[in-house]
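Since the structure comes first, as structure tokens, the remarks are kept for the end.
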Amino acid sequence: MKPSLLLHAVFASALGLIGLTSCKSSSGDTLKVGEFASLTGKEATFGTSSHEGTLLAIEQVNAAGGVLGKKLELLTEDDQTKAGEPANAVNKLISKDGVVAILGEVASSRSLEAAPICQQNQIPMISPASTNPSVTKEGDYIFRVCFTDTFQGAALANFASGTLKAKKVAILTDVKSDYSKGLAKNFKTRFATNGGQVGIELDFNGGDKDFKGQLTAIKSDVPDAIFLPGYYNDVALICIQAKQLGMNIPIFGGDGWESESLLTIGKDAMEGHYFSTHCSPEQGTPEMVSFVESYKKRFNGKTPDALAVLGYDSAMVLVDAMKRANSSESSALRKAIAATKDFAGASGKITLNSERDALKALVFIQIKDGKFTYNATVNP
Ligand code: PHE
């Protein structure tokens, strides 16, 4: 190697080292927290809501003086609802920005893409809302502050048998979504145990616009109800087309339905249908009441959805763990998050089990008079 080149190499690696140490320990005057979310693209309301909740939490913590003697700095990456982007986002947050932890994502497929990277780098990741059981199985640095679809699928099956008194249910699954596939599977297992009959099972690809073929086939199978574990935009189109085909059986799904856009797109085609979700802004706990009040104040009177609540809780669980660990060092932080017990979240009490999942209640919502109306609560 020529001396000048050698010098370059030494200089570059010294720079790299400086960069690395200052990043890894977040030794500046802020503690950097990363976030990746679908702020734009097909599921933009998911990321926007969870981001607003997260941002509110960070602002509140900073207004109260910060944590570990420092202010928190939230670095947010928009993954545009696109496969491939979550990996880019967390790689950047970890390697370039040097965040101490990562909050995200809502959709299970996107969390599943990012989780192995966080695990490999030993950066704790807390998903606010990904319910597919596989997410936290990616490793001991991966957590969630919501229930899983093992629970949600069983609750939906009991709802179909008990509340809807459905004997035969058709299932329409989004094959592009790990959430949809997992929830369909968990639903089927319990529904069969309940003595229910799974009728015709068909697929679609999230983002499709024409569902008439599947719906016509479902109609000829004459089920008592349709189970539709999808995301709000596809769900709204499917319900519109079902109505156009004169199908007036109940259609029901899981938390992926939760968005105001479900109503603005689906309008009266949503009437009477049901979904399960994480919490309701109307649940009168002091934590929820105070969250709703601050959120409305911060975001122009907007009513928070479950994702805003969970985004807030994911950040607050992280901050609580930083305080208990009295450190932002990755293994200490990981241990403290894992030890989260009876944390008073806005969505409800959060205790993480040995699988790093939260055991929490679920609520059923029915769409009545164009509004989300509380129907029932199911405890774990
Ligand atoms: N549970 C969904 C998933 O895992 C995400 C979601 C949560 C969507 C809550 C809406 C409300 O993909």
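Since every read-out is calculated from the coordinates, none of them should be taken as a lab result. Computed from a prediction, not measured in an experiment: that's the story for all the values here. Positions of Cβ are backbone-derived with ideal geometry, glycine not excepted, and every protein chain shown enters the neighbour counts.
Residues being surrounded by fewer than 20 Cβ atoms within 10 Å (Cβ to Cβ) and within 14 Å of the ligand (Cβ to nearest atom) are represented in region 149-165 by at least one member.
Against the definition (of a type in the set (A, V, I, L, M), touching a strand residue (DSSP E or B) at 6+ places or on another chain (Cβ under 6 Å) and under 18 Å from residue 32 (Cα atoms)), how does residue 126 come out, yes or no? Reasoning before the result, please.
Numbers: of a type in the set (A, V, I, L, M): yes; touching a strand residue (DSSP E or B) at 6+ places or on another chain (Cβ under 6 Å): yes; under 18 Å from residue 32 (Cα atoms): yes.
In short, yes.
For residues that are away from the ligand (no atom under 15 Å from the Cβ), in contact with a helix residue (DSSP H, G or I) (Cβ under 7 Å, 6 or more places away or on another chain) and under 19 Å from residue 368 (Cα atoms), tally how many sit in region 267-296.
3
Every condition in (1) more than 16 Å from the ligand (Cβ to nearest atom); (2) of a type in the set (Ser, Thr, Tyr); (3) buried (at least 24 other Cβ atoms within 10 Å of the Cβ) holds for residue 220 except the one numbered (3). So residue 341 passes all but one of these: (1) crowded, with 16+ Cβ neighbours inside 10 Å; (2) out of contact with any Pro (no Cβ under 6 Å at 6 or more places or on another chain); (3) of a type outside the set (Phe, Trp, Tyr). Which condition number does it fail? Evaluating residue 341 over (1) crowded, with 16+ Cβ neighbours inside 10 Å; (2) out of contact with any Pro (no Cβ under 6 Å at 6 or more places or on another chain); (3) of a type outside the set (Phe, Trp, Tyr) leaves (1) as the failure. Flag: residue 50 does not match the condition of being within 16 Å of the ligand (Cβ to nearest atom) and assigned to a loop (DSSP other than H, G, I, E, B). Sub-8 Å Cβ pairs linking a first residue in region 122-151 that is free of Cβ contacts under 8 Å to residues at least 60 places away in the same chain to a second residue that is away from the ligand (no atom under 13 Å from the Cβ) and in a loop (DSSP other than H, G, I, E, B), at least 6 apart or interchain, are 125/141, ordered by first then second residue.
Restricting attention to region 105-121, the residues being in contact (Cβ under 8 Å) with a residue 60 or more places away in the chain and within 11 Å of the ligand (Cβ to nearest atom) number 7.
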